[in-house]
Amino acid sequence: MIDISYTNQYRNYCLFDEERVSARAEKRENELEKIQKSLENPKDEAEVLEDLYILNRMIDDGVKGVDKLYPALSKYNDTKSPNIQTFLAGIYRKIKIPDAFGPLWTMLIQNSINPPKNCPFDPNEEIGGAILDYLA
């Protein structure tokens, strides 16, 4: 079971087990297959969020091949989870997979029609930022 502290009224970001995350991220390209399998068959949202957080860190660290995980990532393009949407948008913003452009618009429009409830942050900020980066 993955231990994660979700966003709340006092903090608009999730907290992860940084020791565990760092150990996985340090494996770099060797961890990508495990993350892909985990994203394809997650146990729960916490596992998805940890995988996305690790991928985000790996991109920042220059790990190559994250873009190849788009088929596994795209499984979450229709998610209603603002946490997953925010991480996905951040990843898409960095790897700029052309196929992700449409799903980003879909997330933005769906959230505009049906805003996430009980969410202490606006995922559309990251989604909109990703769209703007695609257009730049």
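The rows are residues; the columns are (1) touching a Phe, Trp or Tyr at 6+ places or on another chain (Cβ under 9 Å); (2) closer than 21 Å to Asp3 by Cβ.
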{"residue": "Asp61", "(1), (2)": "no, no"}
{"residue": "Asp67", "(1), (2)": "no, no"}
{"residue": "Gln85", "(1), (2)": "yes, no"}
{"residue": "Ile97", "(1), (2)": "yes, no"}
{"residue": "Trp105", "(1), (2)": "no, no"}
{"residue": "Asn111", "(1), (2)": "no, no"}
{"residue": "Pro120", "(1), (2)": "yes, yes"}
{"residue": "Ile131", "(1), (2)": "yes, no"}
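Among the residues of the range 5-20, none qualifies, meaning not one is among the β-branched types (Val, Ile, Thr), under 17 Å from Ile84 (Cβ atoms), within 18 Å of the chain's Cα centre (by Cα) and at pLDDT 95 or above. For the range 21-46, the set of residues classified as touching a helix residue (DSSP H, G or I) at 6+ places or on another chain (Cβ under 8 Å), open to solvent by 20 Å² or more (accessible area, probe 1.4 Å) and under 14 Å from Asp3 (Cα atoms) consists of Glu45 only. Of the residues making up the range 94-101, at least one is of a type outside the set (A, V, I, L, M), more than 13 Å from the chain's Cα centre (by Cα) and either open to solvent by less than 30 Å² (accessible area, probe 1.4 Å) or under 19 Å from Leu32 (Cα atoms) (or both). If you filter the range 118-136 down to residues that are assigned to a helix (DSSP H, G or I) and over 17 Å from the mean Cα position of the chain (by Cα), you find that the one that is surrounded by the most Cβ atoms within 10 Å (Cβ to Cβ) is Leu132. If only residues of the range 1-27 that are without any contact (Cβ under 8 Å) to a residue 40 or more places away in the chain and part of a strand (DSSP E or B) are counted, the one that is nearest to Cys119 (Cα to Cα) is Ser5. Scan (1) under 22 Å from Arg93 (Cα atoms); (2) open to solvent by 30 Å² or more (accessible area, probe 1.4 Å); (3) touching a Cys at 6+ places or on another chain (Cβ under 8 Å) for the single condition Leu49 breaks and write down its number. Evaluating Leu49 over (1) under 22 Å from Arg93 (Cα atoms); (2) open to solvent by 30 Å² or more (accessible area, probe 1.4 Å); (3) touching a Cys at 6+ places or on another chain (Cβ under 8 Å) leaves (2) as the failure. Candidates Thr106, Thr79: the one that is open to solvent by 20 Å² or more (accessible area, probe 1.4 Å) and over 15 Å from the mean Cα position of the chain (by Cα) is Thr106. Among the residues examined, Pro116 does not qualify as touching a strand residue (DSSP E or B) at 6+ places or on another chain (Cβ under 8 Å) and modelled with pLDDT under 95. Whether any residue in the range 124-132 is touching a residue at least 40 places away in the same chain (Cβ under 8 Å) and among the acidic types (Asp, Glu) is what I want to check. Yes.
The values are calculated or read from the model by the stated rules, or taken from the named source; none is laboratory data. This is a predicted model, so every value here is computed, not measured. Cβ: placed from backbone, ideal geometry, glycine included. Neighbour counts: every protein chain shown. Only protein heavy atoms, including side chains, enter the accessible area calculation; ligands, DNA and RNA are left aside. Shrake-Rupley method; radii C 1.70, N 1.55, O 1.52, S 1.80 Å.
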